[in-house]
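See structure below.
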Amino acid sequence: MIELTQEEKQNPQKRPNFVLPIAIMFLLFFMIAFVTGYQNPLGSVIEKMSAGNPIMSQLGTLANFIAYAFMGYPAGMLLQKKGYRVTALTAVTIGFIGVAVTYFSGWIDNDASAVVVYLIGAFIAGFSMCLLNTVVNPMLNSLGSTPNQGNQLVQFGGACNSLGATLAPVVVGGLLGGAASTISSANPVFFLAMAIFFVAFLVLYFSKLPESPDLGKPQNKVKVANAFKYRNFTFGVLAIFCYVGLEVGLANWTYQYLEKSELVATNNINFEASAIAGTICGIYWLLMLVGRLLGGVIGSKVSSRAMLITATLGAMAFIILGISLDQSIVPFFGFDSGNMLFEVVNVPLNSIFFVLCGFFASIMWGAIFNLSVTGLGKYTPVASGIFMVMVCGGGIFPFLQGLIASSSIIGSFWLPFALAAYIFLYALLLSRPSSSLPEEPEILEE
């Protein structure tokens with residue numbers, strides 16, 4: 001929490017006002033999801049620039065998420081040694097550079113070279129997203145004047161994150177349109193992202209922010225390897241790896257399925273397939289928001305294990321329905337952000353079941369984390385850093401799904417089903433805590 005001086009404690013009027021920094025943290029929460037989310041609709045452009053290879057549509061997402069594997073641990077070290085402010089400033093600077101590189105890739109005439117530069121930009125942006133994920137939660141928590149208010153701010157930040165994920169496919173899908181075949185088609189999105197990062201940097205630089213009370217103090221050093229002696233943590237690391245792949249893979253390949261669907265193209269005259277795909281996938285992320293809010297309400301009454309078992313069973317059932325049902329057409333609403341047009345559209349019924357999985361996926365991260373760190377004690381900070389590294393599953397599994405989709409997009413959804421099945425097994429059996437470890441000597445690390 002915010003550390004107040006004696007004068008500030010005695011005189012509330014002299015206490016610092018953090019309304020603007022809180023707003024910027026909310027904005028950064030939004031940007032984490034938005035910058036990550038626009039890789040999916042842009043993937044269709046990359047696919048067209050790569051001779052129509054569907055695997056190429058996932059390379060931007062892969063580059064974005066694989067950065068977590070490299071930056072997860074260094075991000076935690078930077079936060080520990082330099083504090084919130086320096087880490088946040090570093091993150092927004094890297095984010096601006098990553099989006100700028102992506103923007104400049106649209107200037108390159110040679111498609112192959114443009115794709116390479118685009119992927120470099122996505123990789124750099126991934127570094128920023130990892131840093132921001134590392135800093136925004138504890139920073140928002142510290143901006144609260146009480147523990148309850150800090151938790152409330154984090155929950156509101158999570159809502160902003162879901163909002164960014166909801167809008168990314170809708171806005172970018174509508175702006176691109178089905179005929180878009182160049183990265184420069186998304187220039188308005190890049191300009192918006194760079195402007196927000198620039199403003200965020202200025203506000204962070206000139207604002208007085210609270211800092212971690214442990215900054216600059218010696219830290220207790222623990223052996224990372226010992227954390228893996230806890231069974232619930234070891235299998236939980238793999239569960240987190242699978243979960244992010246499940247979450248991103250369902251959204252990404254539902255978008256690709258709808259954009260390529262002949263049923264969508266032949267049954268909608270006024271709407272581009274990309275706009276319909278963006279709207280439907282926006283609903284997926286909106287359901288993630290609804291599920292997180294509901295999970296927060298019932299979280300104190302229902303165990304993490306029960307929630308995770310229920311969520312994985314629901315996801316597996318809906319994935320099977322999505323794979324098995326015939327491709328009947330049902331009416332749905334569509335929004336074309338390019339033309340600002342609302343209209344009833346026709347979509348394949350099975351795509352609705354894939355989208356509904358977002359509701360079940362929403363609570364999985366928190367439940368897995370809770371089950372994984374049970375009994376870890378002093379290893380919990382180490383666990384948090386390792387979990388951030390495993391976010392790279394959000395790039396690896398959708399890419400692997402692309403390999404299957406080369407033969408059958410619908411058949412590729414058996415991979416998310418398998419990921420959900422492992423998470424179910426984790427919730428049912430593998431998350432049972434093992435006996436605690438003997439205490440090891442603590443070493444102070446300067």
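Checked against (1) at pLDDT 80 or above; (2) within 15 Å of ILE46 (Cβ to Cβ); (3) over 18 Å from the mean Cα position of the chain (by Cα), ASN187 meets all criteria but (2). A search for C-beta distances below 7 Å between a residue of segment 182-193 that is without any contact (Cβ under 8 Å) to a residue 40 or more places away in the chain and any residue that is hydrophobic (A, V, I, L, M, F, W, C) and open to solvent by 10 Å² or more (accessible area, probe 1.4 Å), counting only pairs 6+ apart in sequence or on different chains, returns PRO188/LEU175.
Contact map, segment 109-122: first residue in contact (Cβ under 8 Å) with a residue 40 or more places away in the chain and of a type in the set (Val, Ile, Thr), second residue open to solvent by less than 10 Å² (accessible area, probe 1.4 Å) and in a helix (DSSP H, G or I), Cβ cut-off under 6 Å, separation 6 or more or different chains; pairs are VAL115/ILE46. Entry remark, segment 17-32: residues being buried (at least 19 other Cβ atoms within 10 Å of the Cβ) and either over 20 Å from the mean Cα position of the chain (by Cα) or not in a helix (DSSP H, G or I) (or both) number 2 in total. Residues considered: VAL92, VAL115, VAL45, VAL99. Of these, the only one that is part of a helix (DSSP H, G or I), surrounded by fewer than 22 Cβ atoms within 10 Å (Cβ to Cβ) and among the aliphatic types (A, V, I, L, M) is VAL115.
Please indicate, with yes or no, whether at least one residue in segment 371-386 is within 27 Å of SER50 (Cα to Cα) and either open to solvent by 60 Å² or more (accessible area, probe 1.4 Å) or among the β-branched types (Val, Ile, Thr) (or both). Show your work before the answer.
Start the filter on segment 371-386 by keeping residues that are within 27 Å of SER50 (Cα to Cα), which leaves none.
Looking through segment 371-386, none of the residues is within 27 Å of SER50 (Cα to Cα) and either open to solvent by 60 Å² or more (accessible area, probe 1.4 Å) or among the β-branched types (Val, Ile, Thr) (or both).
In the set GLY150, GLY144, GLY174, GLY164, only one residue is touching a strand residue (DSSP E or B) at 6+ places or on another chain (Cβ under 6 Å) and either modelled with pLDDT of 70 or more or open to solvent by less than 30 Å² (accessible area, probe 1.4 Å) (or both); that residue is GLY174. Scanning segment 48-80 for residues that are part of a helix (DSSP H, G or I) and out of contact with any helix residue (DSSP H, G or I) (no Cβ under 8 Å at 6 or more places or on another chain), we see that the one that is surrounded by the fewest Cβ atoms within 10 Å (Cβ to Cβ) is MET77.
Residues that are open to solvent by less than 50 Å² (accessible area, probe 1.4 Å) and more than 22 Å from the chain's Cα centre (by Cα) within segment 310-327 comprise ALA317, GLY322, ILE323, listed in sequence order.
Residue-wise test of (1) open to solvent by less than 10 Å² (accessible area, probe 1.4 Å); (2) modelled with pLDDT of 90 or more; (3) touching a helix residue (DSSP H, G or I) at 6+ places or on another chain (Cβ under 7 Å).
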residue	(1), (2), (3)
ASN268	no, no, yes
MET288	yes, no, yes
PHE335	no, no, yes
PHE353	no, yes, yes
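Residue pairs whose Cβ atoms lie under 9 Å apart, sitting 6 or more positions apart in sequence or on different chains, and linking a residue in segment 323-335 that is touching a residue at least 24 places away in the same chain (Cβ under 8 Å) to a partner that is acidic (Asp, Glu), are PHE333/GLU343; GLY334/GLU343; PHE335/GLU343.
In this entry, LEU28 is excluded by the filter for residues that are in contact with a Leu (Cβ under 7 Å, 6 or more places away or on another chain) and modelled with pLDDT of 85 or more.
Applying the set (1) of a type in the set (Val, Ile, Thr); (2) modelled with pLDDT of 90 or more; (3) assigned to a helix (DSSP H, G or I) to VAL389 leaves exactly one unmet item: (2). Kindly evaluate LEU202 against the criterion of being modelled with pLDDT of 85 or more and open to solvent by 30 Å² or more (accessible area, probe 1.4 Å). Yes, satisfied.
The values are calculated or read from the model by the stated rules, or taken from the named source; none is laboratory data. From a predicted model like this one, the values you see are computed outputs, not experimental measurements. With ideal geometry, Cβ positions are generated from the backbone for all residues, glycine too; neighbour counts draw on all protein chains shown. Side chains are part of the model used for accessible areas, which takes the heavy atoms of the whole protein and leaves out ligands, DNA and RNA. Shrake-Rupley method; radii C 1.70, N 1.55, O 1.52, S 1.80 Å.
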